[in-house]
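Below is one structure, written out as structure tokens; comments come after it.
The values are calculated or read from the model by the stated rules, or taken from the named source; none is laboratory data. Source: prediction; values computed, not measured. Quick reminder, even Gly has a Cβ in these numbers, built from the backbone with ideal geometry, and neighbours come from all protein chains shown. Heads up: the accessible areas ignore ligands, DNA and RNA and are worked out on the full protein's heavy atoms, side chains in. Shrake-Rupley method; radii C 1.70, N 1.55, O 1.52, S 1.80 Å.
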Amino acid sequence: MKDFFISYNSADKTWAEWTAWTLEEAGYTTVLQAWDFRPGSNFVLEMQRAASEAERTIAILSPAYLNALYTRPEWAAAFVQDPTGEKGTLLPVRVQKCDPKGLLSAIIYIDLVDLNETAAKEALLQGINRERMKPPVEPAFPISTQRSITEQPRFPGSLPPIWNVPHNRNPNFTGREDHLASLKMALGSGKPAALTQAIHGLGGVGKTQLALEYAYRKVAEYDIVWWVRSEEPATLAADYASLAKALDLPEKEAADQKIIIKAVKQWLEQNPKWLLVFDNAKDHIEVRNYIPQGETGHVLITSRNANWRGIATPLDVKVLERSESVDLLLKRTGYTDIEAADALADALGDLPLGLEQAGAYMDATHAQTSLSLR
């Protein structure tokens with residue numbers, strides 16, 4: 001007899017394999033279609049044998065699982081053997097947000113949604129335990145519990161606890177609303193392919209300013225915003241590794257920088273609510289090994305290189321629209337001559353860096369009230 005038969009939909013294969021691995025690592029035995037059903041065998045007979053010969057059935061709950069037809073007989077067979085749930089024969093494990101209906105709604109499930117790997121392992125192994133869960137130490141007297149919130153909420157508008165962005169917010173930032181909306185929609189979609197965005201375009205077109213503005217606008221959504229200067233491999237590695245000290249990782253003082261980088265990457269892969277900005281990256285070869293796998297956080301890359309497909313979703317940034325260029329000049333200088341601003345924007349090709357430098361020059365030299373091309 002095996003300890004567990006793991007019932008899952010093909011869309012949740014990675015969760016099923018992780019569950020089986022975790023259980024076997026803890027000393028249990030499992031039956032998993034991906035590992036145990038070999039080519040040439042009869043699928044129906046293999047499934048019947050697995051369900052009947054395992055003591056308990058784990059159902060990997062997700063919208064795909066609940067909507068699939070062939071998964072119903074698998075969990076129903078376990079339910080029939082233990083309709084009251086006294087033996088825990090059917091054990092649902094929820095891995096995505098979903099709402100079990102019918103008979104499944106009566107079974108208490110193990111919930112792994114939004115947990116990091118360490119917490120998920122603990123929840124899984126505790127959940128399969130049928131012993132009484134009496135704590136080893138006496139619980140605190142209830143009146144001593146003053147607050148249900150363990151961490152004070154961040155003051156609105158304040159920076160995250162871990163923040164190393166080297167630039168102040170640009171008070172003259174103008175336009176780019178379509179790009180900002182695109183970033184917001186993509187990064188907020190939860191789709192794995194959209195969680196890394198590569199902002200690319202000509203030098204001086206405003207790629208860094210766009211990433212900077214996004215970081216400041218969405219500051220409330222992140223506990224970590226980490227800026228990585230990526231123009232040189234040494235700087236890239238050093239900035240990335242320095243996050244270990246901010247996180248107070250055990251590896252922070254390791255002599256081998258590769259060990260520190262690996263520890264940072266693993267931490268990011270297991271914890272949510274972070275934003276990494278790789279600024280001025282040359283190409284995907286230098287950056288790809290630093291990007292955490294999984295779906296726990298967000299990544300922005302700025303680069304003059306447009307070749308990012310396969311590692312990130314590219315976002316092409318061009319020069320400003322003329323109306324945006326004029327607005328930027330007027331905002332930067334405080335002048336009101338729209339026609340002169342239009343002429344200057346035309347001469348500068350609507351390039352944001354050129355517009356900013358022209359505005360700064362006019363401030364520094366106390367230019368006359370009328371804008372001039374001279």
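Structural descriptor for the chain: relative contact order 13 percent, calculated from alpha carbon pairs under 8 angstrom and at least 6 residues apart. Its residue count N fixes a reference of 2.2 N^0.38 Å for segment 75-115, and the Cα radius of gyration divided by that reference is 1.18. Surface composition of the chain: carbon and sulfur make up 53 percent of the accessible area, probe 1.4 Å.
Helix 13-25 and the long axis of the chain differ in direction by around 60°, with both axes built from C-alpha atoms.
Ordering of 190-199, 89-98 by packing is 89-98, 190-199, highest average first (other Cβ atoms within 10 Å, averaged per residue). Along the axis of the charge dipole computed for segment 50-99 (Cβ charges of +1 for Lys and Arg, -1 for Asp and Glu, origin at the Cα centre), the listed residues Gly88, Ala54, Ala68 are led at the positive end by Ala68. If you take the square roots of the eigenvalues of the alpha-carbon gyration tensor of segment 201-359 and sort them as a ≥ b ≥ c, do you get rounded (a/c under 1.5), prolate (a/b over b/c) or oblate? It comes out prolate by the Cα gyration axes.
Karplus-based coupling profile of segment 158-173, in residue order and whole Hz: 6, 6, x, x, 10, 8, 10, 4, x, 10, 6, 5, 7, x, 9, 4, with θ = phi - 60° in 6.51 cos²θ - 1.76 cosθ + 1.60 and x standing for Gly or Pro. The helix-only estimate of mean residue ellipticity at 222 nm for the chain, built from DSSP H runs of length n ≥ 4 each weighted as -39500 (n - 2.57), is -11000 deg cm²/dmol after division by the residue total. With 19 Å as the limit, write out which pairs from Lys191/Lys282; Lys207/Lys318; Lys252/Lys273 have Cα-Cα distances beyond it, or answer none. Going by Cα-Cα distance, Lys191/Lys282; Lys252/Lys273 fall outside the 19 Å limit.
Of the three principal axes defined by the Cα atoms of the chain, the extents in descending order read 89, 58, 46 Å.
Here segment 198-333 is assigned +1 on the Cβ of each Lys and Arg and -1 on the Cβ of each Asp and Glu. Its dipole about the Cα centre then comes out at about 260 debye. Note on segment 1-106: percent of Cα-Cα distances in each 10 Å bin, starting at 0 and stopping at the bin with the largest distance, equals 15, 51, 32, 2.
Distance from the Cα centroid of segment 308-331 to that of segment 102-123 is 44 Å (rounded to whole angstrom). Under 5 Å between amide hydrogens, built in the peptide plane, is the criterion, and for Thr313 it picks out Thr196, Gln197, Ala198 among residues at least 5 positions away or on other chains.
Could you tell me how many degrees, from 0 to 90 and to the nearest 10, lie between the Cα long axis of helix 117-128 and the main elongation axis, the longest principal axis, of the Cα atoms of the chain? The helix 117-128 is inclined about 20 degrees to the chain. In this calculation the C-beta distance from Ser105 to Gln357 is compared with R0 = 51 Å, giving a FRET efficiency of 0.20.
In this structure, Asp342 and Arg217 have a Cβ-Cβ separation that, at R0 = 25 Å, corresponds to a calculated FRET efficiency of about 0.30. Note that segment 300-306 has calculated 3J(HN,Hα) couplings of 10, 10, 10, 6, 7, 7, 8 Hz, one per residue in order, obtained from phi through the Karplus relation 6.51 cos²θ - 1.76 cosθ + 1.60 (θ = phi - 60°); glycine and proline are x.
Once the Cα atoms are used to define both axes, helix 43-53 deviates from the longest principal axis of the chain by about 60 degrees.
Given R0 = 30 Å, the distance between the Cβ atoms of Glu295 and Glu131 translates into a calculated FRET efficiency of 0.35.
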